[in-house]
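Coordinate-derived values only; no laboratory data. Keep in mind it's a predicted model, so treat the numbers as computed, not measured. Here the Cβ positions follow ideal geometry from the backbone for every residue, glycine too, while neighbour counts run over all protein chains shown.
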């Protein structure tokens, strides 16, 4: 991966994070209903997950899933449980 790819990837990630969507609505709702500390906590959690997602993408998680197919099902199940 070249530096140009890394910069382009992070610009796309920034646009995805900054665009309004369900995560932004949850952050706003939490801040308004539970206060600033809860809003900061949810923002930190979303930032942490964006960083983990970026790290996994950079480490080539897709290559791992090709070699270990059951790992994809495991990660998908964990993600579904997290969303529930």
Label model pair residue 83, residue 44: point-to-point distance (7 angstrom along the Cα→beta-carbon line) in nm is 2.7 nm
Of 73, 41, 16, which is the most mobile in a GNM of the chain whose springs link Cα atoms less than 10 angstrom apart?
73
Okay, helix-only estimate at 222 nm for the chain: each DSSP H run of n ≥ 4 adds -39500 (n - 2.57), divide by all residues, round to 500 deg cm²/dmol; what do you get?
-29000 deg cm²/dmol
Mind pulling the angle between the C-alpha long axis of helix 69-83 and the longest principal axis of the chain? Nearest 10 degrees, somewhere in 0 to 90.
0 degrees
Pairwise label distance in nanometres, residue 74 with residue 24, each label 7 Å out on the Cα-Cβ vector:
3.6 nm
